[in-house]
1. Taking each residue of B:76-84 in turn, how many C-beta atoms of other protein chains fall within 10 Å of its C-beta, and what is the average?
2. State the antiparallel share, in %, of DSSP beta bridges confined to chain A, rounding to the nearest 5.
3. Averaged across B:36-48, how many Cβ atoms of other chains sit within 10 Å of each residue's Cβ atom?
4. Within the protein assembly as shown, what whole-number % of the accessible surface is contributed by carbon and sulfur, with the 1.4 Å probe and all protein chains included in the calculation?
5. Can you give the accessible area of B:ASP31 in Å² (nearest 10), computed on protein heavy atoms with a 1.4 Å probe?
6. With θ taken as phi - 60° and the coefficients 6.51, -1.76 and 1.60, list the Karplus ³J(HN,Hα) couplings across segment B:16-26 in order, rounded to whole Hz; mark glycine and proline as x.
7. Just how many pairs of Lys in chain B have C-alpha atoms closer than 14 Å, counting pairs that are eight or more places apart or on different chains?
8. Could you run the Debye sum over the Cα atoms of the protein assembly as shown, one equal point scatterer each and no solvent, and tell me log10 of I(q)/I(0) at q = 0.14 Å⁻¹, two decimals?
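The values are calculated or read from the model by the stated rules, or taken from the named source; none is laboratory data. Just so it is clear, the structure is predicted and the values come from calculations on it, not from any experiment. We place every Cβ from the backbone using ideal geometry, glycine too, and count neighbours over all the protein chains shown. What goes into the accessible areas is simple: the full protein's heavy atoms, side chains included, and nothing from ligands, DNA or RNA. Shrake-Rupley method; radii C 1.70, N 1.55, O 1.52, S 1.80 Å.
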Amino acid sequence: DTEVTQTPKHLVMGMTNKKSLKCEQHMGHRAMYWYKQKAKKPPELMFVYSYEKLSINESVPSRFSPECPNSSLLNLHLHALQPEDSALYLCASSQRQGTYYGYTFGSGTRLTVV
Amino acid sequence: DQQVKQNSPSLSVQEGRISILNCDYTNSMFDYFLWYKKYPAEGPTFLISISSIKDKNEDGRFTVFLNKSAKHLSLHIVPSQPGDSAVYFCAATPNYGGSQGNLIFGKGTKLSVKP
């Protein structure tokens, strides 16, 4: 299995809702990442987990809450989002933080906040 | 300020010819560079990478050249095929402190290969 699987593919949520994005990989990678990509912009790093521990938080607002329950799973919990948070959320993984061999992205979750 | 720049938002090439996509960077601490290809509604797909200790890496139809003194890299696709039509992102990573693992992307170049 050489894939990073993200669910759901599309999500529409209201500003008062709570939802979660899920990311899963079974490649034995020990680093996992969340990126945000707005239209016609490059992906921007949000969080990095290394060995299930939060390693980097790129000053992301607290309405985004990451969680890494085990080495294969990465969640992004969403609460009280704003319309400007609408974007493609990409998950990625690599063998280890700082190694780029096999740095693989999922297909993303297209999030719309209404 | 953008650290990774892809100054051509789009490129159109005839099938069978060479496609050259360019990327410039400003941070001399970048030590690893990657090219990704992205179709609409899909995540970026890794294409090819190069370490700063090399000046060329080749994989099939794809070759990446790195000119460290000019802080410039380019992706050559030859021959170009219609299936290569996609957005190509250049990404770089710095090797310092806690930034390991952070890929910094350019804005992308949309390549169209015409039959």
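1. Partner Cβ neighbours, averaged per residue: 0.
2. In chain A, approximately 90 percent of DSSP beta bridges are antiparallel ones.
3. Working: counts 4, 0, 5, 1, 0, 6, 6, 16, 12, 3, 7, 0, 0.
Rounded to a whole number, the mean comes out at 5.
4. The nonpolar share, carbon plus sulfur, comes to 49 percent.
5. Surface accessible to solvent at B:ASP31 totals approximately 40 Å².
6. Taking θ as phi minus 60°, the curve returns x, 8, 8, 9, 10, 10, 10, 8, 10, 9, 10 Hz for segment B:16-26.
7. Going through chain B pair by pair, I get 11.
8. -0.88
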